[in-house]
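What follows draws every value from the coordinates through simple rules; no lab data is involved. Note that the structure is predicted; figures quoted are calculated from it, not measured. Cβ sites come from the backbone with ideal geometry, for glycine too, and all protein chains shown count toward neighbours.
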Amino acid sequence: AYNEDNRKKSLLLKSKVAEVEIEGHYSFSKLIPTLKHIVERTFTENTAFRMESFSTEEFSFAARIYEPGVLTQFIHPDFKLIRNSKIQGTVSSRLSQISLNGFIPELQWGKMNIQRTTILSGIIGKELDTYLNCDNIYVGDSLMVDSLQIEAHNEINGFLLKVFALDKHHKNKMNLTADLFPQSNSLKMQMRPSEVWLSDKLWQFSPNNE
């Protein structure tokens, strides 16, 4: 179903495998360029704010994914499974903003099966705040990661990245902290003191590793 009133659009797509709703002021031809510009402006050093180019893009979106089966493999052959998931958020070109939150109970990519993933993320201008948590990551039948947490937020002149992961027996674990500095066309990573345990053996990263 599609409605347009006073230049505000409402699009609702329903099927047995998914529902998608987009509501607000948007143009289909500008959706991808708007998202790309907001992300580039956040993660690269010299991308200017071009509000006038995307001034009509102000919308919310929500997607529910049920049991698409093999249809996911039309996106990529390794995308084997996603089920009972919900993702929602908002986009504002005026504020250079993207907010996103979602829950994915199960996702399979190739031989990797990722369970109970929570995503909370927000971009506004040059500001970033992101949190991701996964309960279990299997490779084949083997539980490789019992818990994974990734956080990223703003620090002076860049972003602070934290990654924490451990296996079921806690013999392999990672506690990694790094600074990310936007460059003109890339990100530079500089490690802070961090630890990785492999079979109960400690590997440490020295400061200022790039």
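For the pair ASN101 and SER186, the difference between a 0.36 nm per residue extended length and the Cα-Cα distance amounts to 28.1 nm. The structure-derived value of mean projected area of the Cα convex hull in nm² appears in the list [x] 14.5; [y] 13.5; [z] 10.6 under the label [y].
Residues of the range 54-84 with an amide N closer than 20 Å to a point placed 7 Å from the Cα of ILE150 along the Cα-to-Cβ direction: 76-83. Annotation: for a label point projected 7 angstrom from Cα along Cα→Cβ of PHE74, residues of the range 13-36 with backbone N closer than 14 Å are 14-19. How would the range 23-136 be classified by its alpha-carbon gyration tensor: rounded, prolate or oblate, with rounded meaning a/c under 1.5 and the a/b versus b/c comparison settling the rest? Prolate, since a/c reaches 1.5 and a/b exceeds b/c. Modelled spin labels at LEU12 and SER121, positioned 7 Å past Cα toward Cβ, are 2.8 nm from each other.
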